[in-house]
There are 2 protein chains.
Amino acid sequence: MNYQTVKGMRDFLPEEMLVRKKIFETAQTVLEKYGFAPLDTPALEYEETLTAKSGEDVKKELFAFKDKGGRKVGLRFDLTVPTSRVLANNPHLVMPFKRYQYGKAWRYGEIKKGRYREFYQFDIDSFGSNSMVTDAEIVAAVLEVYKKLGLNIIMRVNNRKILADMMDYAGIPKKLWQEAFRAIDKLDKVGLKGVEKELVDRGISKESCKKIIRLIGTDSLNKLKKILGGCEGIKELEELTGYLKSFNVKNYVIDVSLARGLDYYTGPVFEASCKDIKVSVGGGGRYDNLIKILSGRDVPATGFSLGIEPIFELLKSKSKQASSTKVFVASVKPEFDKKVVGLAQKMRKAGMNVETDLMGRSLKKQLDYVSKKGIPFVIIIGEKELKEKKFTVRDMKTGKQRKTGFEEVMKLFGKG
Amino acid sequence: MNYQTVKGMRDFLPEEMLVRKKIFETAQTVLEKYGFAPLDTPALEYEETLTAKSGEDVKKELFAFKDKGGRKVGLRFDLTVPTSRVLANNPHLVMPFKRYQYGKAWRYGEIKKGRYREFYQFDIDSFGSNSMVTDAEIVAAVLEVYKKLGLNIIMRVNNRKILADMMDYAGIPKKLWQEAFRAIDKLDKVGLKGVEKELVDRGISKESCKKIIRLIGTDSLNKLKKILGGCEGIKELEELTGYLKSFNVKNYVIDVSLARGLDYYTGPVFEASCKDIKVSVGGGGRYDNLIKILSGRDVPATGFSLGIEPIFELLKSKSKQASSTKVFVASVKPEFDKKVVGLAQKMRKAGMNVETDLMGRSLKKQLDYVSKKGIPFVIIIGEKELKEKKFTVRDMKTGKQRKTGFEEVMKLFGKG
């Protein structure tokens, strides 16, 4: 028998899954505060649905096969195509349709560090509204998710229309835009001089280069407006930042060099990065044409995708517990086990996460288990403790012990 | 383009997904109080792993195919096989290993009412302990899950060893056991007379029938003990009920006619049914040999599977909201929208689930949206309200309105 996981796929043991669960739960709680609701779709879609509008690279990486009825099916490679199908199928959906969806997606790609063939996606999207308040709401909501996770995040904000106007202003022909965007996207890494070199290398004229460098070096929207004139993108960006103020959002910067995914986005674009270590932990933007292409239904849309893997990498070092148990109630002798169960059950009733020994083990072995599992506190129950109704509570980190009554135990570990 | 879901599979729109989410969240919270921790495994497994020990019926229903590297893979049909693989792969796992896992599984079966080809499973299992305290802990934990979900549940409890002793006592040859179990399992529906007829029809002698009927009509363990003598199953059942008392569990009955899944279980068996409408909402038991067969590792095990679909059917009628939004802050005129956003954001900061209009709609259309989405309360913001800093709060169910200040709004909808 083969006990390996399928190549490119992983098990998540409790240590890791508890961290992922925290990410999912935090995101759900915050997003529901803003009126986003959960959607769920099957892992399998008809191959035709998955490939109708997707590029060759997606087709190449599809887990596709025929089911036992001869139907051509495949595992979803993202959550956008299934949601577009839901929009096409449910004309009665009340607009705006604000949904979040998380779950696994599958791509048969090259396996690299941090890249697997099965991975979690977490998408948040608003369908049906053209207003910039919608984009601001998504930025506010996801920034609150990061904050609740304890991450120090800055959101970079730009607008695809500004980039288009910049290209026009610099006289760059449309067929070179994608090249220019790739060069500009490197600003963070290579600086203005580096971008200039990249632009020239990619066949953009010296004169165009100068203009671009001047624009992306601009640090205020007003200066940019003076150069570009009445730009729709700047107007949208001003509307967006106006709403961000109402949402009391401060940790964002306007970055006219942000160019992400331009074949897809039509307006605002966002990218969240960790302040301390400059790693991208999510991104998104407005994509008003895509849903029509995918579903035939003309619905404006804006959304954000949380980077579950990079967020997980940032959080996993903080927690090493293999359970969320807070207290282990240990028994000095096996014959006290029913008393121990009774006490543990009372503590659970008060909302605490409690474990007891299930293996009839010695106290030493019970404490071994506790330290292997990373459980922070132990209550030790012996003859004396049962008589006196006083319990010895040990803090496993400091090794300190104290004797307390039941009421105090409840106060120590209770939820209020 | 094909907009249908794959045959036998379903989308879950927010109305339904919110109910499922409640089931998953409640179960997770309760199970973690008892020290169970989440595990996650891939949707795909090697076909060899899935079929090594499974019957023909499972093989027939497998979604199996070759990946692009020619590897024979398949979608998991349950969560027990993947967990057995995890046990085989991770010899370092600290025992007892108490895990819960929920997620989708796939079977290409006949599509009937309530039976789909993609479905959620939710398994809770303890690995590594022989003690009946483990079985009692699982019963206590799942009964608390049902209670927290508002379901009125009774747990039927039996032991596979009692059934075996009953068969021996009645002189039924082993090859007819499975037939006898099927007949006995019908007691609830057809009564003692009906079971007797079923037994005879299935080729069991009149004499054996009488003995069986006498045994399953017995209403106390003591009487049963007198008839069967020193039965290991009764001893285990007494241990189990002793521990259930320590867990303060009362809503169970001993039912010696409970026979579920006997080729698999080795000790206690459980089945949870709804008191009001006698529908099974989950079941489980001890299976000490299965993990060795599946993983080569000799690990005792006991577990329970929550019936997500029947639980969902019982709960879904209770809730019809398409979001978990509690209050919609409506704006009389579009120019107040930033004030509205600001107020909503303050309410969110206090933990409330709040929505505002994103479409620049009239008050009437905003109220339309609110009633379509089933949002219970509306706060209406107009010129007067902004000046007086008093807000009109409307209860959408009763239609009653009242004017209140911000502090009172916080008290009305806040979390404390």
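Couple of notes before you dig in:
- Only one of A:Tyr146, A:Tyr169 that is among the aromatic types (Phe, Trp, Tyr), assigned by TED's automatic domain parsing to the domain that holds A:Lys60 and in contact with a strand residue (DSSP E or B) (Cβ under 8 Å, 6 or more places away or on another chain): A:Tyr146
- Residue match in region B:14-27 (condition: assigned to a loop (DSSP other than H, G, I, E, B), basic (Lys, Arg) and more than 7 Å from chain A (Cβ to nearest Cβ)): no
- Lone unmet requirement of (1) more than 21 Å from B:Met9 (Cβ to Cβ); (2) within 24 Å of the chain's Cα centre (by Cα) for A:Trp106: (1)
- Hits in region B:282-302 - residues which are among the charged types (D, E, K, R) and under 21 Å from B:Met155 (Cβ atoms): B:Arg286, B:Asp288
- Among (1) buried (at least 20 other Cβ atoms within 10 Å of the Cβ); (2) without any contact (Cβ under 8 Å) to a residue 60 or more places away in the chain; (3) over 27 Å from B:Ile23 (Cα atoms), the one test that B:Gly267 misses: (2)
- Helices (runs of 4 or more DSSP H) wholly inside region B:173-246 containing at least 2 residues that are under 29 Å from the mean Cα position of the chain (by Cα): B:177-184, B:187-201, B:232-246
- Scanning region B:321-346 for residues that are farther than 30 Å from B:Lys22 by Cβ, part of a helix (DSSP H, G or I) and more than 9 Å from chain A (Cβ to nearest Cβ) turns up B:Pro334, B:Glu335, B:Phe336.
- Test: residue in region B:249-256 that is within 14 Å of chain A (Cβ to nearest Cβ) and over 25 Å from B:Leu176 (Cα atoms): yes
- Test: residue in region B:252-259 that is closer than 23 Å to B:Val145 by Cα and in a loop (DSSP other than H, G, I, E, B): yes
- For A:Lys316, the conditions (1) closer than 21 Å to B:Tyr100 by Cα; (2) touching a Ser or Thr at 6+ places or on another chain (Cβ under 8 Å) all hold with the exception of (2).
- Any chance B:Glu32 is in a helix (DSSP H, G or I), free of Cβ contacts under 8 Å to residues at least 12 places away in the same chain and buried (at least 19 other Cβ atoms within 10 Å of the Cβ): yes
- For region B:70-81, the set of residues classified as modelled with pLDDT of 95 or more and either buried (at least 21 other Cβ atoms within 10 Å of the Cβ) or facing chain A (nearest Cβ under 8 Å) (or both) consists of B:Arg71, B:Val73, B:Gly74, B:Leu75, B:Arg76, B:Phe77, B:Leu79, listed by residue number.
- In region B:382-399, the count of residues that are modelled with pLDDT under 95, surrounded by fewer than 18 Cβ atoms within 10 Å (Cβ to Cβ), more than 18 Å from A:Pro96 (Cβ to Cβ) and within 13 Å of another protein chain (Cβ to nearest Cβ) is zero.
- Region A:28-59, residues that are of a type in the set (Ser, Thr, Tyr), more than 8 Å from every other protein chain (Cβ to nearest Cβ) and under 19 Å from the mean Cα position of the chain (by Cα): A:Thr29
- Residue among A:Gly103, A:Gly109 that alone is assigned to a strand (DSSP E or B) and either among the aliphatic types (A, V, I, L, M) or within 11 Å of chain B (Cβ to nearest Cβ) (or both): A:Gly103
- For the condition facing chain A (nearest Cβ under 7 Å), part of a helix (DSSP H, G or I) and crowded, with 16+ Cβ neighbours inside 10 Å, B:Val86 qualifies.
- Matching residues, region B:4-13, being at the interface with chain A (Cβ under 8 Å from one of its Cβ atoms) and touching a residue at least 60 places away in the same chain (Cβ under 8 Å): B:Val6, B:Lys7, B:Met9, B:Arg10, B:Leu13
- Among the residues of region A:360-378, none qualifies, meaning not one is in a loop (DSSP other than H, G, I, E, B), touching a helix residue (DSSP H, G or I) at 6+ places or on another chain (Cβ under 6 Å), within 18 Å of B:Asn248 (Cα to Cα) and assigned by TED's automatic domain parsing to the domain that holds A:Gln401.
- Restricting region A:286-320 to residues that are part of a loop (DSSP other than H, G, I, E, B) and in contact with a helix residue (DSSP H, G or I) (Cβ under 7 Å, 6 or more places away or on another chain) leaves a set whose member that is nearest to the other protein chains (Cβ to nearest Cβ) is A:Gly296.
- Filtered by the rule that a residue be surrounded by fewer than 20 Cβ atoms within 10 Å (Cβ to Cβ) and of a type in the set (D, E, K, R), region B:105-117 gives B:Glu110, B:Lys112, B:Lys113, B:Arg115.
The values are calculated or read from the model by the stated rules, or taken from the named source; none is laboratory data. What you are looking at is a predicted structure, and each value in this text was computed from that prediction instead of being measured. Please note: Cβ atoms are built from the backbone with ideal geometry, for glycine as well, and neighbour counts cover all protein chains shown.
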